[in-house]
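As structure tokens, the structure follows; a few thoughts come after it.
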Amino acid sequence: MIKPLVDLFFPKICYACLNLLSDNIETICLDCRHHLPVTNFHFNADKTVEKVLYGRTQIENATALFRFEKRGLVQQLIHHLKYKNQEQIGVVLGDWLGAELKTIEAYNTIDLVIPVPLHKNKLKKRGFNQVAKFSQQIAKALNAEYKDDVLLKVTNTTSQVTKKRLVRWQNNSEHFTITHINALENKHILLVDDIITTGATLESCATVLNRAKNIKISIATMAIA
Ligand SMILES: [Zn+2]
């Protein structure tokens with residue numbers, strides 16, 4: 001008897017279209033599930049994401065679940081995930097992409113899933129890394145290990161002081177560091193982020209990870225801008 005009352009005061013909405021959700025649907029409505037702009041890159045061996053990083057760092061395979069469009073459904077989803085504490089969006093998207101990647105040979109050799117890290121100050125402020133749940137669900141689907149303690153962000157690129165200094169910094173791979181290089185040797189890593197735009201962040205992470213002996217790096221993101 002309590003549930004209808006809860007729904008009256010806290011109605012469940014779809015975090016993509018913001019319409020009310022029907023009873024047995026969570027997080028994203030059926031209509032949005034059908035209309036979200038999936039890329040299908042991984043099904044078609046499409047190299048769009050690899051091309052962003054081509055010549056900048058060594059990558060095995062790369063994919064993105066959605067195309068990011070300004071003011072579109074994907075922007076709403078990622079906004080609610082990052083700024084409105086709706087971490088379950090990461091779970092839904094991770095289950096979605098994980099189930100797809102599981103069927104593709106190139107992703108079945110993944111040993112470790114590593115999220116692009118936040119600086120510890122940013123993590124404290126937001127309370128969670130917005131790609132953690134997404135990465136964990138993909139790791140589960142691929143029978144791989146989730147590891148968020150091998151790649152760390154060492155500079156706080158959002159602090160005002162650092163922003164001024166950054167203008168002078170050419171090599172931004174120095175924003176990241178690896179803690180246990182041995183844990184990465186001979187491993188196939190899936191490096192995970194929310195949106196790939198210029199590829200600068202993923203390039204920085206991959207450059208640092210590529211210092212480990214005989215490492216292979218693939219990439220998965222929620223969206224490509
Ligand atoms: Zn919807």
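So that you can scan it fast, the table gives a plain yes or no per residue for (1) outside the structural domain of Ile195 (by TED's automatic domain parsing); (2) at pLDDT below 95; (3) farther than 28 Å from Arg126 by Cβ; (4) touching a Leu at 6+ places or on another chain (Cβ under 9 Å):
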position	(1), (2), (3), (4)
Ile2	yes, yes, yes, no
Phe9	yes, yes, no, no
Asp23	yes, yes, yes, no
Phe43	no, no, yes, no
Asp46	no, no, yes, no
Glu50	no, no, yes, no
Gly55	no, yes, yes, no
Thr63	no, no, no, yes
Gly90	no, no, no, yes
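Could you pull out the residue among Val38, Val116 that is within 19 Å of Ala200 (Cα to Cα) and surrounded by 14 or more Cβ atoms within 10 Å (Cβ to Cβ)?
Val116
State yes or no: is His79 under 30 Å from Lys125 (Cα atoms), at pLDDT 95 or above and surrounded by fewer than 14 Cβ atoms within 10 Å (Cβ to Cβ)?
Judged against the criteria, His79 is a match.
Is it true that some residue in region 80-97 is basic (Lys, Arg), within 16 Å of Gln130 (Cβ to Cβ) and more than 14 Å from the ligand (Cβ to nearest atom)?
There is at least one residue in region 80-97 that is basic (Lys, Arg), within 16 Å of Gln130 (Cβ to Cβ) and more than 14 Å from the ligand (Cβ to nearest atom).
Being within 16 Å of the ligand (Cβ to nearest atom) and open to solvent by 80 Å² or more (accessible area, probe 1.4 Å) narrows it down to one of Arg71, Arg67, Arg56, so name that one.
Of Arg71, Arg67, Arg56, the one residue that is within 16 Å of the ligand (Cβ to nearest atom) and open to solvent by 80 Å² or more (accessible area, probe 1.4 Å) is Arg71.
The values are calculated or read from the model by the stated rules, or taken from the named source; none is laboratory data. Given the structure is predicted, the values throughout are model-derived calculations rather than measurements. For neighbour counting, all protein chains shown are included, and Cβ atoms are generated from backbone atoms with ideal geometry for every residue, glycine included. Calculation scope for accessible area: heavy atoms of the full protein, side chains included, ligands and nucleic acids excluded. Shrake-Rupley method; radii C 1.70, N 1.55, O 1.52, S 1.80 Å.
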